[in-house]
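Since the structure comes first, as structure tokens, the remarks are kept for the end.
What follows is calculated from the coordinates using simple rules that are stated; it is not laboratory data. Just so you know, these numbers come straight off a predicted model, no measurement behind them. Virtual Cβ from ideal backbone geometry, glycine too; neighbours counted across all protein chains shown.
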Amino acid sequence: MPESSSQFTKPARFTDEFERLITTISELAQGSESEHLWPAEAWESLKQAGVLGWNVPLEFGGTDLNSVEMTYGYIRLAEACLTTTFVLTQFNAACQRINWSEDRNLKTNVFNELVSGGKFATVGISHLTTSRQHISKPTVTATKTSAGWLLDGFVPWVTGAVHADYIVTGGVCEDGTQILGLVSTDFQGVEPQPPIDMLAMTGSQTGAVKLNQVTIPDENLIAGPVEKVMKRPDGQGGAGSLTTSALALGVARRAISKLKEEAEKRPDLLEIFNPLQAEYQGIFDEMFDTLAAGTLNGSISEKIRERSNSLVLRASQALLAAVKGAGFVKGHPAERAIREAMFFLVWSCPQPVVQANMREFACVLD
Ligand SMILES: Cc1cc2nc3c(=O)[nH]c(=O)nc-3n(C[C@H](O)[C@H](O)[C@H](O)COP(=O)(O)OP(=O)(O)OC[C@H]3O[C@@H](n4cnc5c(N)ncnc54)[C@H](O)[C@@H]3O)c2cc1C
């Protein structure tokens, strides 16, 4: 689909090679089997195309994409394969936090392993932000020792945990402050649990990780102890960031493109396709216009996420209704899009966004 934002021109970095990557990844994502498998081949394609360096500074061998490039890249990749793109976001989230470290040696070594694809890193940070927040006892405790930091507890969500060489995770100290550290999965006491069978994206092999009195050396401390270690003065690192909306928009774009194919054969569907396409374009424009203007803030991000969630839920259902019973069969793009759309109701979703989406379900008017 064309993009026609007043501010947006496709970033020069996204050449024909990127378009070939999109084709490869979308072909690998065909068929219901692919959904359950770790996307090893697609990951290899990302590696070959240099995508693993997207969120790594130039000085450490990465390509350090700006936010316009990153957002555009995520929309296009998520349209091709949500599972692969989701794994990439967790890898990139790890890179982002590793870069918070002030230890240049650590960054040089670890980024070298990550950009080359030799090692895989992921994050287990939701228990510090969105997950288990109603429980008074922290799920992971952190204690300072002479050897470094002792982490003990249960990290509820870690994508690709069983494949990870590193997990960026953290814990809560006795005084309520938090730390964030780089945990090597071969540290004693790190126990990834079997991946969970999920409504969608089971191939992301997401599961919990037990940390049984794991000692991390001081040099692996990334940040803290501070209150709300995931909150940065630059606004980076919160739940519901533009990245999460970019993925939702990518899945919506896939559903709307399929709807377009149907509408080309059945003009009665144009009255459904046209407004959905216009809505997609409106959100896309707002994303890139605010990025270009440098006016993005937390409340705009949340609003964009709320609209992207709503669009992906409705667009995928419109597609199913349009393609009828065929779309109800396992492996059809419509049933897959519907299941994938549900992910955005639970993944890194700030409470005001969840609440707004639920109010829409319940037809609660503002
Ligand atoms: C596929 C998938 C992959 C993910 N991958 C990662 C990852 O790689 N890294 C990462 O850090 N995070 C990851 N997450 C976590 C994600 O970002 C969210 O933090 C998570 O989905 C929040 O759900 P929860 O069940 O942990 O929430 P919780 O808030 O812990 O809710 C759990 C249950 O507690 C109850 N509850 C909730 N709120 C209240 C309340 N106020 N009062 C009383 N009871 C309450 C409800 O019954 C609810 O079902 C992933 C999530 C998914 C679905």
Highest mean first, how do 225-232, 324-331, 180-187, 311-318 rank when packing is the count of other Cβ atoms within 10 Å averaged over residues? 311-318, 180-187, 225-232, 324-331
Apply the a/c threshold of 1.5 to the C-alpha gyration tensor of region 127-171 and tell me whether it is rounded, prolate or oblate. oblate
With unit charges on the beta carbons (Lys and Arg positive, Asp and Glu negative) and the dipole taken about the Cα centre of the chain, which residue among 328, 63, 111 sits farthest to the positive side? 328
Let me make sure I get this right: for region 161-241, a, b and c are the square roots of the gyration tensor eigenvalues over alpha carbons, sorted descending. Under 1.5 in a/c it's rounded, otherwise prolate if a/b > b/c, else oblate. Which is it? oblate
Mean separation of Cα contacts under 8 Å (at least 6 apart) over the residue count of the chain, i.e. the relative contact order in percent, is 18
Relative contact order of region 223-366 (C-alpha contacts under 8 Å, at least 6 apart) in percent is 31
Asserting the computed 222 nm helical MRE of the chain (DSSP H runs at least 4 long, -39500 (n - 2.57) per run, divided by residue count, to nearest 500) equals -14500 deg cm²/dmol
Assuming R0 = 30 Å, what is the FRET efficiency of residue 285 and residue 19, from their Cβ-Cβ distance, to the nearest 0.05? 0.85
Once the dipole of region 121-226 is set up with Lys and Arg at +1 and Asp and Glu at -1 on Cβ about the Cα centre, which of 164, 121, 226 lies farthest towards its positive end? 226
Starting from the Cα coordinates of region 272-366, work out the convex hull volume and express it per residue in Å³. 118
Say we join alpha carbon atoms closer than 10 Å with springs in a Gaussian network model of the chain; which of 105, 55, 92 then has the biggest fluctuation? 105
Going by alpha carbons, how many degrees (0 to 90, nearest 10) lie between the helix axis of 333-343 and the longest principal axis of the chain? 40
If you take every DSSP beta bridge whose two residues both sit in the chain, what share of them, in percent to the nearest 5, is antiparallel? 85
What does the C-alpha gyration tensor say about the overall shape of region 128-203? Classify as rounded when a/c is under 1.5, otherwise prolate if a/b is larger than b/c, or oblate. oblate
Mind checking the full-extension length gain between residue 264 and residue 41? Use 0.36 nm per residue of separation minus the Cα-Cα distance, one decimal, nm. 77.0 nm
Once both label points are put 7 Å beyond Cα along the C-beta direction, the residue 330-residue 174 separation in nm becomes 5.3
For region 301-337 and region 150-193, compute the distance between their C-alpha centroids and round to whole Å. 34
Can you quote the Å³ per residue value for the convex hull of the Cα atoms in the chain, rounded to an integer? 143
Relative contact order in percent for region 280-338 (Cα pairs under 8 Å, 6+ apart) equals 24
Which of the GluC sites (Glu not before Pro) found in region 56-144 are in a DSSP loop and have at most 13 neighbouring Cβ atoms, other than their own, within 10 Å? 102
How much of the pair distance distribution for region 16-115 lies past 22 Å, counting alpha-carbon pairs only, in percent? 30
FRET efficiency, 1/(1 + (r/R0)^6) with R0 22 Å, evaluated for residue 135 and residue 363 via beta carbons: 0.10
